[in-house]
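Since the structure comes first, as structure tokens, the remarks are kept for the end.
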Amino acid sequence: MSRTLRVDAVLVQAVIAGALSFAHLHDLAAAAGQDGWKAWAYPVSVDLLLVAAWRRMRTDAENRDAWLWFAIALVASLGANIATAGLLDLNNVPPWLRILVAGWPALAFLGGTLLAHAPAPVREQEPADQPEVEPAPDVTVERAPEPAPELPPADPAPQSASPEPAPNPPAVPVPPALLDHAQKIADAHQAQTGAPIDTATLRSRLGIPPALADAIAIQLT
């Protein structure tokens, strides 16, 4: 109920303000030489331009032309209200005011035409409503662990082959006389050096091949 009363009060205030502004514009136009129906057309022209500019401003707040024509219509309306408040002798209107009143129809026609044919602002197209798609439930697939591949049995470690005994060198026959002579040389060498004679020394002393020297050295030990 309170909301309805508040809206009605605003409408009543708007009607009263519009009627007073309408009457002031009519009186100013009549004083400037616009008699008859022409005096009533001036307030309609000013108010229509004011409303057209205001609607364009609501549609496109950044439109400078709408702000310009709104300011022009507002100045015309306020100027008429102030001029008829006793600041101007309506029986003796100055020539410049008569010129402004006479030129107003052309100015209002230009402003109304520009506002009517101004390009509308491009609005971003809203995407069409698409049906909501429910997300698919998360499904967890559990897989049975695959058995590890069986490896072939490892080959048994080869048994290390037992080292074969080195073949005995073929026995070299040693003459008894040569063996006795070698024994004497070995004894003399040990008496002189205090160490048993080695195979190389024995071979050089006797002048025999290595195989025979080895065979004699074996028998001397």
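The values are calculated or read from the model by the stated rules, or taken from the named source; none is laboratory data. The model shown is predicted, which means the values in this text are computed figures rather than measured ones. Remember, those area values only see protein heavy atoms, side chains included, never the ligands or the DNA or RNA. Shrake-Rupley method; radii C 1.70, N 1.55, O 1.52, S 1.80 Å.
Miscellaneous remarks
- Normalised per residue, the accessible area of region 43-104 is 64 Å², obtained with a 1.4 Å probe and no contribution from ligands, DNA or RNA.
- Only protein heavy atoms count here; under a 1.4 Å probe, Ile218 has an accessible surface of about 120 Å².
- Within the accessible area of region 24-106, the carbon and sulfur atoms contribute 64%, probe 1.4 Å, all protein chains present.
- Rolled with a 1.4 Å probe across the full set of protein chains, the surface gives Asp89 an accessible area near 90 Å².
- Distances between every pair of Cα atoms in region 172-211, grouped in 10 Å steps from 0 to the bin holding the largest one, split as 29, 59, 12 percent.
- If you sort Val172, Val51, Val15, Val93 by accessible surface, 1.4 Å probe, largest first, the order is Val15, Val51, Val172, Val93.
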